[in-house]
Protein chains: 2
Amino acid sequence: MTEIATTARNDRYEELLTAAAECFQSRGFDATSIDTVARHLGATKGRVYHYFPSKMDLFNAVRDRGMDIVFQATDPGYFADLPVLDRLEAMARGHARAMLQHHSFMLVLKDGLLMRRYTTTTDFQKESLSQHIARRDAYEARFRELLAMGLAEGSLRAGPDPAITVQTFMSALNGPVAWFRPRPGDTPEKYDAIAEEIVRFAMQGLRALPA
Amino acid sequence: MTEIATTARNDRYEELLTAAAECFQSRGFDATSIDTVARHLGATKGRVYHYFPSKMDLFNAVRDRGMDIVFQATDPGYFADLPVLDRLEAMARGHARAMLQHHSFMLVLKDGLLMRRYTTTTDFQKESLSQHIARRDAYEARFRELLAMGLAEGSLRAGPDPAITVQTFMSALNGPVAWFRPRPGDTPEKYDAIAEEIVRFAMQGLRALPA
DNA sequence: GATCAAACATACCGATGGGTATGTCTGTCA
DNA sequence: TGACAGACATACCCATCGGTATGTTTGATC
């Protein structure tokens with residue numbers, strides 16, 4: 001997230017970023033042309049290229065912002081001074097809510113990771129991608145870390161390969177990316193209710209049960 | 001799946017379908033050109049267009065095949081003469097295994113549903129898409145149906161909106177689409193082990209627990 | 001062995017879209 | 001008030017790609 005000053009310049013930048021997120025989210029990367037994003041703002045290519053040197057850089061900016069959002073949403077839980085199980089649940093809740101509230105960015109974030117670009121990628125782009133993957137790994141490592149602690153103290157359980165358990169856990173949390181569509185009349189309460197059920201499901205799948 | 005006779009003609013068709021699945025899976029729809037698919041087989045466009053009238057039809061064929069696969073994988077469980085909970089678990093197991101074994105087709109199946117094509121789509125294509133969505137709905141309805149039965153008899157539980165619970169359940173099952181990559185040395189046993197942990201996690205999230 | 005169709009390959013067309021080069025307008029500052 | 005830079009719009013270039021039109025080879029059939 002970094003610092004976001006509300007200069008005029010920054011407002012324009014944010015406006016472009018949001019518009020790009022919506023376009024990439026609804027049409028996908030390739031099907032979204034620079035003109036598409038520009039028209040979405042009632043502008044032309046000139047405006048986009050004034051703020052971003054290339055389409056790829058624009059996409060990367062959206063993707064990185066998505067990553068900023070999930071980190072910010074889960075930081076409180078991760079750093080909380082609470083039992084492991086409560087920390088993990090707080091992270092899950094933050095993650096799930098972010099999936100709903102920042103749906104466009106989260107969709108771009110998701111297929112930004114799936115993006116195969118071994119073709120037509122400059123060294124600079126590859127660098128950007130590998131940095132992003134590193135952040136993703138660091139993010140997932142937090143969940144793995146808490147699971148390991150839970151396993152050690154016996155409050156949580158996992159399969160023979162805990163990595164698979166974590167992946168499945170996070171897949172459940174990421175679910176809204178695939179099936180959720182925001183509606184005009186949506187309220188924060190509705191989002192919280194959905195997030196709550198997702199968290200409950202995911203946490204129950206992880207909990208150690210008495211035999 | 002329909003009937004698959006092993007005529008030479010059919011072999012060529014299957015070969016193309018598999019190659020297309022791999023290309024679409026790794027590069028996405030737009031980034032995959034007809035030439036890409038052809039080169040993947042050491043051929044040229046002529047061969048592709050000899051079997052498929054358009055790129056869209058090729059993609060639809062792959063997507064529909066993916067749907068065939070998941071239906072076939074879960075039919076035994078759905079129609080089994082067993083307690084609801086066992087039927088659901090069998091379906092989950094079949095689904096998870098299909099995700100691993102037919103990974104390319106499953107990936108295409110997934111973003112075939114996400115594909116937004118309100119632009120550049122003929123009426124015929126829209127018809128094909130809506131039919132596909134209908135099949136998807138019918139598929140998900142089976143899971144919803146079994147969950148409802150489980151709720152009625154008290155063996156399963158769900159949130160205030162069971163639809164969300166089912167979506168989260170299926171998101172966990174679909175997880176491998178996002179995080180799994182097949183490796184050359186993979187064995188069926190390895191796939192089964194992964195599937196087993198996914199099934200365990202998902203089923204535990206759904207089970208009614210004694211207070 | 002001439003015919004013919006299936007099964008491709010090759011050459012080409014036209015549109016789309018990323019990127020650039022250049023123009024234009026507006027506010028600011030000396 | 002004139003110079004200048006930021007913030008765009010407009011016009012243009014060219015590579016890519018879906019699709020088509022036209023070869024060419026191969027096997028079966030009479």
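For first residues located in region B:130-154 and surrounded by 15 or more Cβ atoms within 10 Å (Cβ to Cβ), partners that are polar (S, T, N, Q) and lie 6+ apart or on another chain with Cβ distances below 8 Å form the pairs B:His132/B:Asn60; B:Tyr139/B:Thr74; B:Arg142/B:Thr74; B:Leu147/B:Thr165.
Can you tell me which residues in region B:168-211 are crowded, with 19+ Cβ neighbours inside 10 Å and in contact with a strand residue (DSSP E or B) (Cβ under 9 Å, 6 or more places away or on another chain)? Scanning region B:168-211 gives a single hit, B:Leu206. If only residues of region A:21-33 that are within 14 Å of chain B (Cβ to nearest Cβ) and among the small types (Gly, Ala, Ser) are counted, the one that is farthest from DNA strand C (Cβ to nearest atom) is A:Ser26.
Whether a residue is within 14 Å of another protein chain (Cβ to nearest Cβ), surrounded by fewer than 16 Cβ atoms within 10 Å (Cβ to Cβ), at negative phi and of a type in the set (A, V, I, L, M) was assessed, and A:Leu100 does not pass this test. Within the bounds of region A:108-130, is there any residue that is under 10 Å from the mean Cα position of the chain (by Cα) and under 24 Å from A:Gln204 (Cα atoms)? Checking region A:108-130: not a single residue is under 10 Å from the mean Cα position of the chain (by Cα) and under 24 Å from A:Gln204 (Cα atoms). Remark: A:Asp123 falls outside the filter, which requires a residue to be within 11 Å of chain B (Cβ to nearest Cβ), of a type in the set (Asp, Glu) and either surrounded by fewer than 14 Cβ atoms within 10 Å (Cβ to Cβ) or over 25 Å from B:Arg136 (Cα atoms) (or both).
Looking at region A:34-66 only, could you name the residues that are within 14 Å of chain B (Cβ to nearest Cβ) and more than 8 Å from DNA strand C (Cβ to nearest atom)? Answer for region A:34-66, where residues must be within 14 Å of chain B (Cβ to nearest Cβ) and more than 8 Å from DNA strand C (Cβ to nearest atom): A:Arg39, A:His40, A:Phe59. The residues in region A:110-160 that are at pLDDT 75 or above and part of a loop (DSSP other than H, G, I, E, B) can be counted, and the count is 6.
The values are calculated or read from the model by the stated rules, or taken from the named source; none is laboratory data. Worth saying up front: this structure is predicted, and the values here are computed from it rather than measured. Because the Cβ atoms are built from the backbone with ideal geometry, glycine has one as well, and the counts that use them run over all protein chains shown.
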